[in-house]
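The values are calculated or read from the model by the stated rules, or taken from the named source; none is laboratory data. It should be emphasised that the depicted structure is a prediction, and the values quoted were computed from it without experimental measurement. Here the Cβ positions follow ideal geometry from the backbone for every residue, glycine too, while neighbour counts run over all protein chains shown. When the accessible area is computed, the model is the full protein with side chains, heavy atoms only, and any ligands, DNA or RNA have been set aside. Shrake-Rupley method; radii C 1.70, N 1.55, O 1.52, S 1.80 Å.
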Amino acid sequence: VDEAVAPDGSPVAVYLAVPLEPDFTAVLDHLDPDASVLDLGCGVGRLVNLLARPDREVVGVDESPEMLRHVAPAVRTIEARLEGLALPERFDAVVLASHLVNVPGRDQRRAFLAAAADHLAADGTVYLQRHAPASLTYEVGVTTQRLATPRGYLRLRLEVHERRGRHLRATSTMAFDDASWSQTFEAELLDAAELDAELRTVGLALDAILDGTWVTARRADDRARPSRRG
Ligand SMILES: C[S@@+](CC[C@H](N)C(=O)[O-])C[C@H]1O[C@@H](n2cnc3c(N)ncnc32)[C@H](O)[C@@H]1O
């Protein structure tokens, strides 16, 4: 087993073993096949590895070199933190997956959203994966799930310790027969209006709610605005 764990607590072995969750098809179906793509927090490249083609610009950014070394060679990788990221290129599609938008700190959330906004082409689309706010999984208690993967069953356990309004504290445990990882985290659930307000602080606006955990955003000034009076 690859024992490496990214600085945020994500185990490399789990992301190598687990295929993309089914709702990623919402993104794959929505993406223009020729769109250039920037994946912020790409991990081992579960998404970008599927998109890479010699004639397509696909870039993955992650702070974990242990994650990045599993990304397909056709993908350009950049080892960096997302906060303050400043690449010269702009992309048709920018992906911010893995509920990074739900980090509890407003400053860090806005830094992640700014990284998306700063690298988006004029008429580009941002794909955001967020915790769906109404999900029962986020009430206090334990939910378990067993996933068949190519390296055996992965048992997932989520224990929500505390839920105060939109704020939750939980421990997630992921275990194969021969290895397990546990991580306590906090998250801030955002409804559509709150997400839109956060996006507007970096010049973006909520565009559409896709299936499952995904939403899209575009530049606020690309979207039709009602005419102002007075
Ligand atoms: C839960 S993993 C998921 C990876 C990938 N999005 C996927 O769905 O397979 C989250 C990834 O985000 C990266 N990450 C988290 N916070 C980051 C930050 N502030 N800067 C750069 N990378 C970060 C971690 O290193 C990790 O690889």
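Decide, for the chain, between rounded, prolate and oblate: order the square roots of the alpha carbon gyration tensor eigenvalues as a ≥ b ≥ c, take rounded if a/c falls under 1.5, and otherwise choose prolate if a/b is larger than b/c, else oblate. It comes out oblate by the Cα gyration axes. Among the DSSP beta bridges whose two residues both lie in the chain, what percent are antiparallel, rounded to the nearest 5? Approximately 70 percent, going by the DSSP bridge assignments.
Carbon-plus-sulfur accessible fraction, the chain (probe radius 1.4 Å, protein heavy atoms only): 49%.
Rolling a 1.4 angstrom probe over the protein heavy atoms with all chains in place gives the chain an accessible area of 50 Å² per residue. Using a probe of 1.4 Å, the accessible surface attributed to residue 135 totals some 30 Å² when neighbouring protein chains are kept in position. The gain in end-to-end length when the residue 123 to residue 183 segment is fully stretched comes to 17.8 nm, 0.36 nm per residue minus the alpha carbon separation.
Of the residues 138, 190, 173, the one whose Cα sits farthest toward the positive end of the charge dipole of region 138-206, with +1 on the Cβ of Lys and Arg and -1 on the Cβ of Asp and Glu, is 173. Sorting 3, 186 by solvent-accessible area of protein heavy atoms yields 3, 186, largest first, with a 1.4 Å probe. Cα centroid separation, region 50-80 to region 146-169: 27 Å.
Order 66, 198, most accessible first, counting only protein heavy atoms with a 1.4 angstrom probe.
66, 198
Measuring only protein heavy atoms, the 1.4 Å probe finds residue 21 accessible over about 70 Å².
If each DSSP helix of 4+ residues adds -39,500 (n - 2.57) and the sum is divided by the residues in the chain, what number results at 222 nm, nearest 500 deg cm²/dmol?
-4500 deg cm²/dmol
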